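The structure under discussion appears below in the form of structure tokens.
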Amino acid sequence: MVRPMTFPAAVDVRTAAASPLVPHAPLHAAIANELRRVRERVEALAETLVEDAYFVERYVEHLQAFDMIVQSTEENAAVLERLAQGADLHAAIAPVRLGCVQERLWVAVAGVSPAPVVAAAGGGAA
């Protein structure tokens, strides 16, 4: 069942100033905010659907997908936020709690960072 979750507030893209060290910080921060808006809309949709007893009874297994979408979206937004704040790739990816998301990110930067894949609890296929 979809459960309420608490996530950080949106990043103020005006304070994520570009610098020689993080030239794309404002873009990373803006994309993180967009992902969080998507997450909020998916959460609202899930809340609406769980109010319908027929839908819940018929599709209870599928409602878990909403939770994975919400978590995955937030994890990716957090990575972009950490990059916007100047974190290196390892520091940006290592805190990701969903193992499946973390693994895909490490694969994407395989030639850039030798960091190992860390399987986290709840690391199903998101």
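The values are calculated or read from the model by the stated rules, or taken from the named source; none is laboratory data. Predicted, not measured: the structure shown is a model, and the values here were computed from it. In this analysis, Cβ positions are derived from the backbone assuming ideal geometry, glycine residues included, and neighbour counts consider all displayed protein chains. Please note that ligands, DNA and RNA were not included when accessible areas were found on the heavy atoms of the full protein model with its side chains. Shrake-Rupley method; radii C 1.70, N 1.55, O 1.52, S 1.80 Å.
Would you work out the charge dipole size for the range 62-112 about its Cα centre, treating the Cβ of every Lys and Arg as +1 and the Cβ of every Asp and Glu as -1, and quote it to the nearest 20 debye? Don't skip to the end; give the middle numbers.
Working: 3 positive and 6 negative charges, 16 e Å.
Value, rounded to 20: 80 debye.
Cα convex hull of the range 38-114: mean projected area in nm², to one decimal?
Working: hull surface 23.0 nm².
Across all orientations, the range 38-114 yields a mean hull projection of 5.7 nm².
Give, in nm to one decimal, the length gained when the segment between Gln64 and Val109 is fully stretched (0.36 nm per residue of separation minus the Cα-Cα distance). Please list the in-between numbers first.
Details: separation 45, 0.36 × 45 = 16.20 nm, distance 2.86 nm.
Result for the pair: 13.3 nm of gain on full extension.
With a probe of 1.4 Å, find how much accessible area the range 46-86 has per residue, and write the answer as a whole number in Å². Before the final figure, lay out the partial values.
Numbers: 2300 Å² over 41 residues.
Per-residue accessible area for the range 46-86 comes out at 56 Å².
Which order do the peptides 85-95, 52-62 take when ranked by the mean count of other beta-carbon atoms within 10 Å per residue, highest first? Before the final figure, lay out the partial values.
Values: 85-95: 16.5, 52-62: 10.3.
Highest-to-lowest ranking by the protection proxy: 85-95, 52-62.
Can you tell me which of 98-110, 72-84 comes out highest on packing, and rank the rest after it, using the mean Cβ neighbours within 10 Å? Walk me through the numbers on the way to the answer.
Details: 98-110: 17.5, 72-84: 22.2.
Final packing ranking: 72-84, 98-110.
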